[in-house]
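Asker: Here it is, the structure in full.
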Amino acid sequence: MVALQLALVMIVAALASGFVPALVCPRRPVWIKALAFPLLGLAGLAGIASGALALLGGQSGDLQLPFGLPWLHSLVHLDALAGFFLLVVGLVTLVAAVYAPAYVREYAAGPQPLLPLTLFTGPFIAGMALVLLAADAFTFLVGWETMTLAGYFLVAYQHQHTANRDAAYVYLLMSQVCGVFILLACGVLAAFGGGFDFAGMRAAQLSPAWASLTFVLVFFGFGIKAGLVPLHVWLPQAHPAAPSYISALMSGVMLKVAVYGFIRFSYDLLGTISWQWGALTLFFGCLSALLGVLYALMQHDLKRLLAYHSVENIGIIFIGLGLSLVFAGTGHPALASLGLIAALYHCLNHALFKSLLFFGAGVVLQQTQAHDLEKMGGLIRRMPVTATCFLVGCISISALPPFNGFVSEWLTFQTALQGPVLRNNILGALIPVAAAVLALTGALAAACFVKVYGVIFLGLPRSTQAAKAVETSTGPQLGQIFLALLCLLFGIFPTATVAQLAKIAGQFFPDAMPQLTAQGWLWLTPISPEIASYSAPLVLFGLALAWLLVWLWLHPRRRRQPVSLVSPWDCGFGPLNARMQYTASAFAMPIRRIFAPVWPMHGGYQPPSAADPGGRYQLHIGDWAWSKFYQPLGRLISAMARRLAIIQGGNIRAYLAYSFFTLIVLLLVVSL
Amino acid sequence: MNGWLLAIAQTLFMAALAPLLAGWIKWLKCRLQSRSGPPLWQPYRDLMRLFGKQVLLAESASPIFRLAPYVVFSVTALAGSVIPMLAVGLPTSALADAIVLVGFFALGRFFLALAGMDVGTAFGGMGSSREMTIASLAEPAMLLGVFTLAMTVRSTNLSTMVSFLLVSEFQIYPSFVFAAMGLVLVAVAETGRIPVDNPATHLELTMIHEAMILEYTGRHLALMEWAAMLKLLIYMVLLTNLFCPWGLAQDLRLAPLALGLVSVMAKLLVLGIALALAETGLAKMRLFRVPQYLGLAFILCLLGMLSHVVLEMN
């Protein structure tokens, strides 16, 4: 029960952090900061405590909230699954609360007041927590819409830029579409289950056709919010538009809430899983992972690049979930829970490293006053702490051992390699191909983050702002160091984490626990030690040992001959300058040429003219989903709306006639 | 405990052997090109010379640049320790399976590419860009090849994979044949040999690996060069032991280990001749032909997997 009460404390504290400053001191930025962010931190702490108690302590609880309608109670329930996601939300919220006070100093001199930012951040967090706790459809949707609407105002915070207003509009539109999908899914479940509470929905007896229809609604509903390709286009527009710590919350946490919804509805409420659902999930997961990273490679706006990487990572999570659903649908519960564990682990990892990268990006953007990678460079010497933490984030997201991203991808690989147990040739052969797609994704992500890190932090500064950048203040530094340490920790001690995640999988597959940690805390063995094992602590130890040996061997020489600094060889043509370096576009050019059909590209060389005596080279890279999916759909809807607009003549008698005939038709319907 | 000591000894042995293999291939290539060639131990001399030299560091270099040689070398040495070279069943092969091995190489490459971009010269960035492009195509092909073997063997543990052919009755698996062809192509690309990269060139249009380490001097350069030699050795040992493991020791007694040593040396000798012949006979291909080359490797590995599913599953 304590866990549940703490979760309610989290919601109340988050709401208070939004509304108390607005009521008490709306015109004093200093007081707003002093009130809003500590309360937000309190909400984060409460979320961590509550999630930890629910997940580690195995506490669960039910409560009826004192609002709602007499015949429609508002119920909350906390279990291990909700607890895990609450922990993730709490962690990132806490770090955001530590990071934000120094970060929002930028806005003190800007055109916006600080108040809207804190006013909507609170409900945004509270909405997410309510979604995780909800035990009936109404509470769920109230939480969901609170999160969505608060998110709209956060995206639109810097509304003087047209791009941000457009991004917020597209975000709101797509969020409402996904809200409709979820509403319909709830409706189907409630109709069969006889009630809007989750217990009733769980008991609903659905025919396979209705169950599959509901799954499709659930998949697209939560898939839009999670940013699956081709529904992702709102995401890379909206996430970069918000202030950086809000981007971190959106990419790191809000997407995870959508994943939570998907897991809750498909594993828990729908119950009987069929493998075709897994195939659908796997297909879209692969598509998102691959296209997400390919589009990310072509971005020059740092935050937009990171947002595309969120699409990629959501794809990886859905690959894990898809594998899990396929195995669950074909009667392999142990492998199904392995896939689920891999997906959940990646949720945690992505929340950690993506928010770390967004926090780092915020600092970089503030210092260089630029979003464009081509204007940065050499920042590692100006801001060593941020650079080190960002490097940890880059290594983690590129899925390199011994950091955390690698563990979850390794578990996903191991799940995929068990494809042959399916005894279904086509499915058994396609699943390893999904693993190959995942491998390609990982390798391309590494290429992308070499580009990002190399261009931002290494080399020579490409602009005067980059040359003058300074390290950020203590708060943001602490937040980043904390997340970087967590990235390392969850990479080095995966067995402890996996043992906890196995409890969640045990909720859905109670009698089939995989033997992941049977060999002790050192060894991660997904199926059995003969089949595959990975020992992250020993890998780190081996690396340290090899390093130590080399260092000891070279140390006497280092003492004898200190390193001397010289200017780099410039082929005798005069000093090197920043423009001679490889740019981000140049770095990605070979990949752009190899995968050219993936992007709609236009532009090229324009010969010299009066305006540009030297000629000009331009290249615009778009997004196929925008031009081939969103725009045609938008045009179709506009055309339909124009047709319908005929009935709006502006004549009051016509409107009265509409009302009259509607009334008659309704009376007819009632009388039948 | 013996197993752990043997694993450490094997790693040291690999590190010591790597320059000899490089010298052997270089000498063979020179002979094939009608030149007299340096003595076999020339790479040792080069390394010792570099280790003795002073390090000159570019002013614009960051700590990453000084860190990278150590990371690259340690990761490569660790990768060497998990490979069953003389015997199967070493405890280190449980540390990391085939997928983690690919991860080790990826980690080393990540730092190598960062080091290439660090100083801020044009060549470094060019090398990094090319290296990461090629790796992003080679890595999936390699993993697909590994998956093909893993599905036949039902394990990604390197010891189990190697001992599969060793203990089971001899029979030709079509999936192994395809995977072997694919992995050979990948190994050539990953170790930077002709036709993908030329380790002997410093011509700006063609270099990849050399471009990234162009700014290195002294012991840093020595570590980078040594790591590259070690990587070549690891790939060659991995290929021979995966597809031709006969002669490997199956327990840790002295006599089988000695036999394992002799057999692996003989196999490396032969594979070195094959590599030297291929490098002499082939020309380096254009950078943008490499995707087709690696696509072929990918298709071969995919064929291996399909032939496993179609022919071997039942």
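Asker: Can you grab the distance from the C-alpha centre of the stretch A:65-111 to the C-alpha centre of the stretch B:220-299, Å, no decimals?
Answerer: What the calculation gives is 54 Å, centre to centre.
Asker: Moving to a separate point now. In Å and on Cα atoms, what radius of gyration and Dmax does the stretch A:301-414 show?
Answerer: Taking only Cα atoms of the stretch A:301-414, I get Rg and Dmax of 16.8, 56 Å.
Asker: Rank B:T201, B:F178, B:L165 by how far each Cα sits towards the positive end of the charge dipole of the stretch B:163-219 (+1 on Lys, Arg Cβ; -1 on Asp, Glu Cβ) and give me just the farthest.
Answerer: Of the listed residues, the answer is B:L165.
Asker: Among B:R154, B:R109, B:R253, which one shows the highest mean-square fluctuation when chain B is modelled as a Gaussian network with alpha-carbon springs under 10 Å?
Answerer: Judging by the Gaussian network model, the answer is B:R253.
Asker: Further question on the same structure: Just to be sure I understand: with springs between alpha-carbon atoms less than 10 Å apart, which residue in B:S136, B:S93, B:S74 has the highest mean-square fluctuation in the Gaussian network model of chain B?
Answerer: Comparing B:S136, B:S93, B:S74 in the GNM, the peak value goes to B:S136.
Asker: State, as an integer percentage, the relative contact order of the stretch B:2-312 based on alpha-carbon contacts under 8 Å between residues 6 or more apart.
Answerer: Taking the mean separation of contacting Cα pairs over the length of the stretch B:2-312, I get 29 percent.
Asker: A further question follows. Ranked by Cβ crowding within 10 angstrom, fewest neighbours first, how are A:S671, A:S473, B:S168 ordered?
Answerer: Ranked by crowding around the Cβ, least crowded first: A:S671, B:S168, A:S473.
Asker: Can you tell me the orientation of helix B:254-281 relative to chain B, as the angle in degrees between its alpha-carbon axis and the longest Cα principal axis, to the nearest 10?
Answerer: Long axis of B:254-281 versus the principal axis of chain B: about 60 degrees.
Asker: Taking amide H atoms as placed 1.01 Å from N in the peptide plane, list the residues 5 or more away in sequence, or in a different chain, whose amide H sits under 5 Å from that of B:L40.
Answerer: Here the answer is none, since no amide H 5 or more places off falls under 5 Å of that of B:L40.
Asker: Compute the whole-percent fraction of alpha carbon pairs in chain B spaced more than 25 Å apart.
Answerer: In whole percent, the share of Cα-Cα pairs in chain B beyond 25 Å is 50.
Asker: Let me ask something else about it. What are the ³J(HN,Hα) values, in whole Hz, obtained from phi via the Karplus relation 6.51 cos²θ - 1.76 cosθ + 1.60 with θ = phi - 60°, for each residue of the stretch A:600-614 in sequence order, with x given for Gly and Pro?
Answerer: Going residue by residue, I get x, 10, 9, x, x, 7, 10, x, x, 9, 5, 6, 10, x, x Hz, with x marking Gly and Pro.
Asker: Also: If you place +1 on the Cβ of every Lys and Arg, -1 on the Cβ of every Asp and Glu, and leave all else neutral, what size is the dipole of chain A about its Cα centre, to the nearest 20 Debye?
Answerer: Roughly 1580 debye for chain A.
Asker: By the scheme Lys and Arg +1, Asp and Glu -1, what is the net charge of all other residues having a beta-carbon under 11 Å from that of A:Y308?
Answerer: -1
Asker: Here's a follow-up. Per DSSP H run of n ≥ 4, the term is -39500 (n - 2.57); total these for chain A, divide by its residue number, and report the mean residue ellipticity at 222 nm rounded to 500 deg cm²/dmol.
Answerer: After summing the helix terms and dividing by the residues of chain A, the value is -23000 deg cm²/dmol.
Asker: For every helix of n ≥ 4 consecutive DSSP H residues, a contribution of -39,500 (n - 2.57) applies; sum these over chain B, divide by its total residues, and give [θ] at 222 nm rounded to the nearest 500 deg cm²/dmol.
Answerer: Only helices count here, giving -23500 deg cm²/dmol.
Asker: Residue by residue through the stretch B:180-190, which ³J(HN,Hα) values in whole Hz follow from phi under the Karplus form 6.51 cos²θ - 1.76 cosθ + 1.60 (θ = phi - 60°), with glycine and proline marked x?
Answerer: 4, 4, x, 5, 4, 4, 5, 4, 4, 5, 5
Asker: Which entries in the list A:K354/B:K231; A:K451/B:K231; A:K451/B:K29 go over 29 Å, if you measure between the two C-alpha atoms of each?
Answerer: A:K354/B:K231; A:K451/B:K29
Asker: How would you rank B:D251, B:D118, A:D197, going from fewest to most other Cβ atoms within 10 Å of each one's own Cβ?
Answerer: Going from sparsest to densest Cβ surroundings: B:D251, A:D197, B:D118.
Asker: Among B:S263, B:A96, B:A189, whose Cα lies farthest out toward the positive end of the dipole of the stretch B:2-312, if unit charges sit on the beta carbon of Lys, Arg (+1) and Asp, Glu (-1)?
Answerer: Comparing the listed Cα positions along the dipole, B:S263 ranks first.
Asker: Continuing with this model, one more query. Using a cut-off of 13 Å between beta-carbons, work out the net charge of the residues near A:G377 (Lys and Arg +1, Asp and Glu -1, A:G377 not included).
Answerer: +4
Asker: Based on Cβ point charges of +1 for Lys and Arg and -1 for Asp and Glu, what charge dipole magnitude is obtained for the stretch B:52-134 about its Cα centre, in debye rounded to the nearest 20?
Answerer: Computed charge dipole of the stretch B:52-134: roughly 120 debye.
Asker: Once amide H atoms are placed 1.01 Å from N in the peptide plane, what residues at a sequence separation of 5 or more from A:L75, or on another chain, have their amide H within under 5 Å of its amide H?
Answerer: Here the answer is A:L65, A:A135, A:D136, A:T139, since their amide H atoms fall under 5 Å of that of A:L75.
Asker: Rounded to the nearest 10 degrees, what's the angle between the helix B:98-118 long axis and the longest principal axis of chain B, both from Cα atoms, 0 to 90?
Answerer: Helix B:98-118 sits at roughly 10 degrees to that axis.
Asker: So what is the relative contact order of the stretch A:441-552, in percent, for Cα pairs below 8 Å that sit 6 or more residues apart?
Answerer: It rounds to 15 percent for the stretch A:441-552.
Asker: Sorting A:M601, B:M126, A:M147, A:M10 on the 10 Å Cβ count, fewest up front, what's the list?
Answerer: With the sparsest Cβ surroundings first, the list reads A:M601, B:M126, A:M147, A:M10.
Asker: Distance between Cα centroids, the stretch B:68-141 to the stretch A:547-591: provide it in whole Å.
Answerer: 19
Asker: Determine by what factor the alpha-carbon radius of gyration of the protein assembly as shown differs from 2.2 N^0.38 Å, reporting the quotient.
Answerer: The protein assembly as shown yields a ratio of 0.97.
Asker: Then there's this: Once the Cα atoms of helix B:158-167 and of chain B are each reduced to a long axis, what angle between those two axes, in degrees from 0 to 90 to the nearest 10, is obtained?
Answerer: Compared with the principal axis, the helix lies near 40 degrees.
Asker: Given the protein assembly as shown, what percent of its DSSP beta bridges are antiparallel, to the nearest 5?
Answerer: Approximately 80 percent, going by the DSSP bridge assignments.
Asker: Something else: What are the ³J(HN,Hα) values, in whole Hz, obtained from phi via the Karplus relation 6.51 cos²θ - 1.76 cosθ + 1.60 with θ = phi - 60°, for each residue of the stretch B:129-138 in sequence order, with x given for Gly and Pro?
Answerer: Per-residue couplings from phi come out as 4, 5, 4, 5, 4, 5, 5, 5, 8, 6 Hz.
Asker: Follow-up question, since we're still on this one. Starting from the amide H of A:R616, placed 1.01 Å from N in the peptide plane, find each other amide H under 5 Å away whose residue is 5 or more places distant or on another chain.
Answerer: A:Q606
Asker: Ignoring chymotrypsin sites (Phe, Trp or Tyr not before Pro) that are buried or in helix or strand per DSSP, and keeping those with at most 13 other beta carbon atoms within 10 Å, what is the longest stretch of chain A between them?
Answerer: The reported range is A:72-520.
Asker: Could you give the distance between the Cα centres of the stretch A:441-472 and the stretch A:186-224, to the whole Å?
Answerer: 46
Asker: Now for a different question. Say the dipole of the protein assembly as shown comes from +1 at the beta carbon of Lys and Arg and -1 at that of Asp and Glu; which of A:I637, A:G90, B:A61 then lies farthest toward its positive end?
Answerer: After comparing all options, I get B:A61.
Asker: Which residue fluctuates the most in chain B, going by a Gaussian network model with Cα springs under 10 Å, if the choices are B:P69, B:P140, B:P245?
Answerer: B:P140
Asker: Separate question: Over chain A, what is the relative contact order in whole percent, taking alpha-carbon pairs under 8 Å and six or more residues apart?
Answerer: Computed value for chain A: 11 percent relative contact order.
Values quoted throughout were computed directly from the atomic coordinates according to the rules given, and no laboratory measurement underlies them. Here the structure is a predicted model, which means the values were calculated and not measured. Counting neighbours? That spans all protein chains shown, and the Cβs are built from the backbone with ideal geometry, glycine included.
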